[in-house]
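Enquirer: Just dropping this structure here.
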Amino acid sequence: MIFKRKLSNLELPHDKATTNVASVPIAPPSEVLLPMTMHSGSPAEPVVNVGDHVCIGQLIAREEGRNSSPVHATISGTVTAIEPYGNAKAIRIQSDGKMEVSPDVRPPEVHDLDSFLASVRESGIVGLGGAAFPVWAKLDAVRRGPVKTVLINGAECEPYLTGDNRTMVEHSDLIVKGIDLLKTYLKSEKFIIGIEKNKPEAIAHLTEVFSNDPAVEVLPLDCTYPQGAKQMLLYNATGKVVEAGQRLASLEVIIINVTSLAKVAKFMETGMPLVDRCVTVDGSAVKEPKNLVVPVGTSVGYILEQAGGLKEEAGKIVMGGPMMGHTVTDLKEPIVKATGGILAFNEKDAKVLEPTACIHCGRCVNACPMGLNPVAFSKAMEMEDDEARFELLTREQVKVCIECGACSYVCPAHRQLVKHNIDGKGFLRKYQAAK
C-alpha cells in the first residue's frame, strides 16, 4: 500500500441538485420489509411471530453474534411474514394506517459509560454513511484505550447524495447534543467535523454553532473523491495514517458519520431507535428530485412515487450513490438502514460501454486512493491456478481495496476493475476458508 501526500486526486461532478431541498417525511407506506442483515455483522434474530401486532420502535429482532444490531418496527401493523431474504431472513409488516408508537419508546436511563454504550447498542443505530458498522461497537473502542479525537464525517463525497448535508443544516442541535454525549462518556478532547467545500451552507452554519466551543473544529475539505473514506478523512484531517489491519482506535481516534451521531442524540432524547432516514431521490429520470425521510424497509418503487415518479423510462436505478451503490433489479426491494439515495437514470445516462483490452495507461493506479494496482487484481482473476491467484491477490493486497470505484471510473477501456477487486476479495475468503 502506497500513501501519497494527497491520497485522492479524483474530481467528480457533484450533481447535488437537492442540496438546498429541505427533507420532508413521506406518506407512510402500506408495508415494509425489514432484512435481518442491515448491518455489517451477523444477522439479527426475529423475536416476533407471524400475526403479531407491532408498533413503531418496538424490538422485532435481537442482535445475534459479533457486531450485530437489533431491528425495530418502522411502521405499526401486523407481521405478515418472516421470509427468506438473501442468506438470512426478513420481516414483513402490513401497515394498520395508524403509525402508533410503541409504549417501550422512552428515553434510556444513562448515568455512566456502561449504560451509555448499552443504550446505543439497543438503539440499532449503524454507520449511515454506507458501512453500516454498529455504532455501539465503534464507540466501545474507548474500553481499550483513550479516544482523544473524534472525526465527524460530513464529507458526503458521493455525487447526488445530500442527506448528511440536510442533517448539518436542519439538525445542528442534535449534533451539538451528540458531541456533548461523547465529551461526557468517552472523555474525548477534540472533535473535527470534516465537510467538503461544496456544502458552504453547512460549513457556515456549523462554524457559527460551534464558534464558542474550542474543542470543536469545522474543517472544510477539498472536493476530491473518496474524501469520506476513513483513510482519506483521517489523513486529511489529522495527517495520521492507518495501516492495513490497524484499528483507528490504536491512534486514539474514531470516525462517526454526522447523521449517525445525530441519531444517537435523538435516541438519548426520545428513546426512538433507528426507524427512518433521509434518502436523496434524484437522477435524470426522476420527475421531482427530493430529500425524503423514509421508514426503513420501504420499497424503492414507493419511494420513487413520492418523488413524482419517473419522467421517462429508467435505464438504471441505483440504491446508494453512483460510485458505490448497487443496481436495483426489483422495485419491491426495500431500503435498509445505510441507504442514502435512490437514483434513477435515463437510458442515455445508463448506457454501459463495452470493455476493451487494458492499454496499461496507469490511470487506475494513479486514481486509487490506497495506492493499489487494480490491473494486478484483474490479472489474478483471469488465472486458472488457484494457488497462483491467491499469492498474487495477497501480495498486491486486494483486501486493502475500499471498493470506491475510482479505478473503474477513470479506465479508458471501460473495464469493470472494481468488480474484479470485489471478486478477488471474495475468492480470498473462500480459499482461506477451504484451507
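Enquirer: In square angstrom, rounded to the nearest 10, how much accessible surface does Arg143 have for a 1.4 Å probe?
Expert: Accessible area, nearest 10 Å²: 120 Å².
Enquirer: Assign one of three labels to the stretch 365-404, namely rounded, prolate or oblate, based on the Cα gyration tensor with a ≥ b ≥ c the square roots of its eigenvalues; rounded applies when a/c is under 1.5, prolate when it is not and a/b is larger than b/c, and oblate otherwise. Before the final figure, lay out the partial values.
Expert: Working: a/c = 2.66, a/b = 2.04, b/c = 1.30.
Prolate, because a/c is 1.5 or more and a/b exceeds b/c.
Enquirer: Still on this structure, please answer the following. If you roll a 1.4 Å probe over the stretch 388-435 with all protein chains in place, what percent of the accessible area is carbon or sulfur? Present the calculation step by step, with values, prior to reporting the outcome.
Expert: Numbers: 1310 of 2520 Å².
Exposed carbon and sulfur together represent 52 percent of the surface.
Enquirer: What share of the DSSP beta bridges in the chain is antiparallel, in percent to the nearest 5?
Expert: Values: 36 of 59 bridges.
Antiparallel bridges: around 60 percent, rounded to the nearest 5.
Enquirer: On to the next question. Specify whether the C-alpha gyration tensor of the chain places it in the rounded, prolate or oblate class, a ≥ b ≥ c being the square roots of the eigenvalues: rounded for a/c under 1.5, otherwise prolate if a/b is larger than b/c and oblate if not. Working shown, then result.
Expert: Numbers: a/c = 1.38, a/b = 1.19, b/c = 1.16.
Since a/c stays below 1.5, the shape of the chain is classed as rounded.
Enquirer: Oh, and also: Taking Cα pairs under 8 Å and at least six residues apart, what relative contact order does the stretch 158-264 come out at, in percent?
Expert: Values: 97 pairs, mean separation 34.7, N = 107.
After rounding, I find 32 percent.
Enquirer: Roll a 1.4 Å probe over the protein chains and send me the accessible area per residue for the stretch 1-112 in Å². Intermediate results must be reported in sequence, preceding the final value.
Expert: Values: 5760 Å² over 112 residues.
Accessible surface, normalised per residue, equals 51 Å².
Enquirer: How big is the equivalent ellipsoid of the stretch 200-303 along its three axes, where each semi-axis is √(5λ) from the Cα gyration tensor, reported in whole Å from largest to smallest?
Expert: In descending order, the three semi-axes are 29, 19, 18 Å.
Enquirer: Let me ask another. Amide H of Glu100 versus every other amide H placed in the peptide plane: which residues, excluding those fewer than 5 positions away on the same chain, fall under 5 Å?
Expert: Ile56, Ser76
Enquirer: Report the dimensions of the stretch 53-188 along its three principal axes from the alpha-carbon atoms, largest first, rounded to Å.
Expert: Ordered largest first, the stretch 53-188 gives principal extents of 47, 38, 31 Å.
Enquirer: Taking the Kirkwood radius as the inverse of the mean 1/r across Cα pairs, report the Rg/Rh of the stretch 279-371. Don't jump to the answer; show the numbers that get you there.
Expert: Details: Rg = 15.6 Å, Rh = 14.5 Å.
Taking Rg over the Kirkwood Rh, I get 1.08.
Enquirer: Any idea what diffusion coefficient the stretch 136-178 gets from Stokes-Einstein, in µm²/s, Kirkwood Rh on alpha carbon pairs, 4 °C, 1.567 mPa s?
Expert: Estimated via Stokes-Einstein, D reaches 103 µm²/s.
Enquirer: A follow-up question, please. Keeping all protein chains in the complex and leaving out DNA, RNA and ligands, what accessible area do you get for Asp276 with a 1.4 Å probe, in Å² to the nearest 10?
Expert: Counting only protein heavy atoms, the figure is 40 Å².
Enquirer: Provide Rg and Dmax in Å for the stretch 341-422, with only Cα atoms included in the calculation.
Expert: 13.9, 43
Enquirer: Order of 100-107, 319-326, 393-400 by packing, highest average Cβ count within 10 Å first? Walk me through the numbers on the way to the answer.
Expert: Numbers: 100-107: 14.5, 319-326: 20.0, 393-400: 17.6.
Highest mean packing first, the order is 319-326, 393-400, 100-107.
Enquirer: OK, next. Where only protein heavy atoms count, and the probe is 1.4 Å, what is the accessible area per residue for the stretch 327-435 in Å²?
Expert: Numbers: 5960 Å² over 109 residues.
In whole numbers, the stretch 327-435 has 55 Å² accessible per residue.
Enquirer: Here's something else I'd like to know. For the stretch 39-120, place one equal point scatterer on every Cα, skip the solvent, and apply the Debye formula. What is log10 of I(q)/I(0) at q = 0.23 Å⁻¹?
Expert: -1.11
Enquirer: Sticking with this structure for a sec: Tyr185 accessible area, nearest 10 Å², 1.4 Å probe?
Expert: For Tyr185, the solvent-accessible surface is approximately 40 Å².
Enquirer: I've got another one for you. Can you tell me which aspartates and glutamates have their Cα less than 17 Å from the Cα of Lys419? Leave out same-chain residues fewer than eight positions away.
Expert: Glu354, Glu382, Glu396, Glu403
Enquirer: Do the alpha carbons of any pairs in Lys337/Lys425; Lys263/Lys332; Lys138/Lys230; Lys89/Lys337 sit beyond 19 Å of each other, and which pairs? All intermediate terms of the calculation are to be shown ahead of the outcome.
Expert: Numbers: Lys337/Lys425 24 Å; Lys263/Lys332 27 Å; Lys138/Lys230 13 Å; Lys89/Lys337 16 Å.
Pairs exceeding the cut-off: Lys337/Lys425; Lys263/Lys332.
Enquirer: What percentage of all Cα-Cα pairs in the stretch 285-435 are separated by more than 20 Å? All intermediate terms of the calculation are to be shown ahead of the outcome.
Expert: On the way: 6498 of 11325 pairs.
Every Cα pair in the stretch 285-435 considered, those over 20 Å come to 57 percent.
Enquirer: Which cysteines does the chain leave without a neighbouring Cys Cβ under 4.7 Å?
Expert: Cysteines of the chain left without a disulfide-compatible partner: Cys55, Cys157, Cys223, Cys278, Cys358, Cys361, Cys368, Cys401, Cys404, Cys411.
Enquirer: I would also like to ask the following. Under the definition of Cα pairs under 8 Å and six or more residues apart, what whole-number percent is the relative contact order of the stretch 1-146?
Expert: Numbers: 256 pairs, mean separation 30.9, N = 146.
Across the stretch 1-146, relative contact order equals 21 percent.
Enquirer: Give the relative contact order (percent, whole number) for the stretch 264-412; include only Cα pairs under 8 Å separated by 6+ residues.
Expert: Numbers: 227 pairs, mean separation 30.4, N = 149.
Once normalised by length, the contact order is 20 percent.
Enquirer: Pull up the cross-link candidates among the lysines for Lys197, meaning alpha carbon to alpha carbon under 16 Å and not fewer than 8 places away within one chain.
Expert: Lys16
Enquirer: Another one. Taking H placed 1.01 Å from N in the peptide plane, check which residues at least 5 places from Arg277 or on another chain put their amide H under 5 Å from its amide H.
Expert: Val294, Val296
Enquirer: Using Cα positions and a limit of under 15 Å, work out the aspartates and glutamates in reach of Lys98, with same-chain residues fewer than 8 apart set aside.
Expert: Partners found: Glu31.
Enquirer: Now for a different question. So, for the stretch 135-190, what is the accessible surface per residue at a probe of 1.4 Å, expressed in square angstrom? All intermediate terms of the calculation are to be shown ahead of the outcome.
Expert: Values: 1900 Å² over 56 residues.
Computed with neighbouring chains in place, this is 34 Å² per residue.
Enquirer: In addition: What number, rounded to the nearest 500 deg cm²/dmol, is the helix-based mean residue ellipticity at 222 nm of the chain, given -39500 (n - 2.57) per DSSP H run of at least four residues and division by all its residues? Let's see the in-between values first.
Expert: Working: 13 runs with 123 residues, N = 435.
Only helices count here, giving -8000 deg cm²/dmol.
Enquirer: Right, something else. At a 1.4 Å probe, what is the % contribution of carbon and sulfur to the accessible area of the stretch 112-245?
Expert: Numbers: 2530 of 4960 Å².
The nonpolar share, carbon plus sulfur, comes to 51 percent.
The values are calculated or read from the model by the stated rules, or taken from the named source; none is laboratory data. Every value quoted in this text rests on a predicted model; they were computed, and no experiment measured them. Counting neighbours? That spans all protein chains shown, and the Cβs are built from the backbone with ideal geometry, glycine included. The accessibility values were calculated without ligands, DNA or RNA, using every heavy atom of the protein model including side chains. Shrake-Rupley method; radii C 1.70, N 1.55, O 1.52, S 1.80 Å.
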